[in-house]
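Q: Have a look at this one before I ask anything.
The values are calculated or read from the model by the stated rules, or taken from the named source; none is laboratory data. Quick caveat, the model's predicted, so the values are computed rather than measured. Because the Cβ atoms are built from the backbone with ideal geometry, glycine has one as well, and the counts that use them run over all protein chains shown.
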Amino acid sequence: MTSPSLTSYSLPSLRIRPAAITEFRSHDVLGAMGAGVRHVWGMTMMFYTSMAQIVTAQRPVDELGGPIRIAKAAGEASFSGWVGILQLVIALSVVLGVFNLLPVPMLDGGHLAMYLYEAVRGRPLGLKAQELSLKIGFALVIGMALIATFNDIKQIVRIFAL
């Protein structure tokens, strides 16, 4: 006597995402450069606005993501082909560059702020003040990295808890 074999069926997955609408425009060299600058400027302003909203608690800190969220975004961008991946690489490059210009002492923006202070005052910031500001900057950068990593881990736990 044989029992009927049980076959496992996998349910199809449904992926809901915005339509990948890409608009290609024809520009001459100067027009393309101008359009690129305007686009990067818009991304920069969006980054600073988002960071200000997170700092002032107008947006949840859960929106910060680390390497896992970047990998997820890369996977989603791959559905749009090379254009989607290129757009993600451009966005990450702009965000990284803009983040580096924040006036946090450990970052380049912090060094520029110290140079500006030195230019205005005519002398550099005292060594104790420089040391304290670097420690604060380090704590801010590490704290932000820890929050982003924690958010990534929360997202993974949420996915596997379903």
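A quick yes/no check of all residues on (1) at pLDDT below 90; (2) under 21 Å from Asp62 (Cβ atoms); (3) not charged (D, E, K, R):
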| site | (1), (2), (3) |
| --- | --- |
| Val83 | yes, no, yes |
| Arg123 | no, no, no |
| Gln130 | no, no, yes |
| Leu140 | no, yes, yes |
| Met144 | no, yes, yes |
| Ile147 | no, yes, yes |
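Q: Considering only residues of region 52-86 that are of a type outside the set (D, E, K, R), without any contact (Cβ under 8 Å) to a residue 12 or more places away in the chain and surrounded by 14 or more Cβ atoms within 10 Å (Cβ to Cβ), which is farthest from Arg158 (Cα to Cα)?
A: Per the criteria, the residue is Ile85.
Q: Moving on to the next point. Would you be able to tell me the number of residues in region 112-162 that are surrounded by 11 or more Cβ atoms within 10 Å (Cβ to Cβ) and of a type outside the set (Asp, Glu)? If you could, list the steps in order and put the result at the bottom.
A: Residues of region 112-162 surrounded by 11 or more Cβ atoms within 10 Å (Cβ to Cβ): 112-118, 124-125, 129-142, 144-156.
Cutting the leftovers down to of a type outside the set (Asp, Glu) gives us 112-117, 124-125, 129-130, 132-142, 144-151, 153-156.
Count: 33.
Q: Right, another one. Which of the residues spanning region 27-44 are surrounded by fewer than 12 Cβ atoms within 10 Å (Cβ to Cβ) and either in contact (Cβ under 8 Å) with a residue 12 or more places away in the chain or not in a helix (DSSP H, G or I) (or both)?
A: Those that are surrounded by fewer than 12 Cβ atoms within 10 Å (Cβ to Cβ) and either in contact (Cβ under 8 Å) with a residue 12 or more places away in the chain or not in a helix (DSSP H, G or I) (or both): His27, Asp28.
Q: How many residues are more than 14 Å from the chain's Cα centre (by Cα) and not polar (S, T, N, Q) if we restrict to region 58-100?
A: Filtering region 58-100 down to residues more than 14 Å from the chain's Cα centre (by Cα) leaves 58-60, 75-86.
Restricting the remaining residues to those that are not polar (S, T, N, Q) gives 59-60, 75-77, 79, 81-86.
Final tally of qualifying residues: 12.
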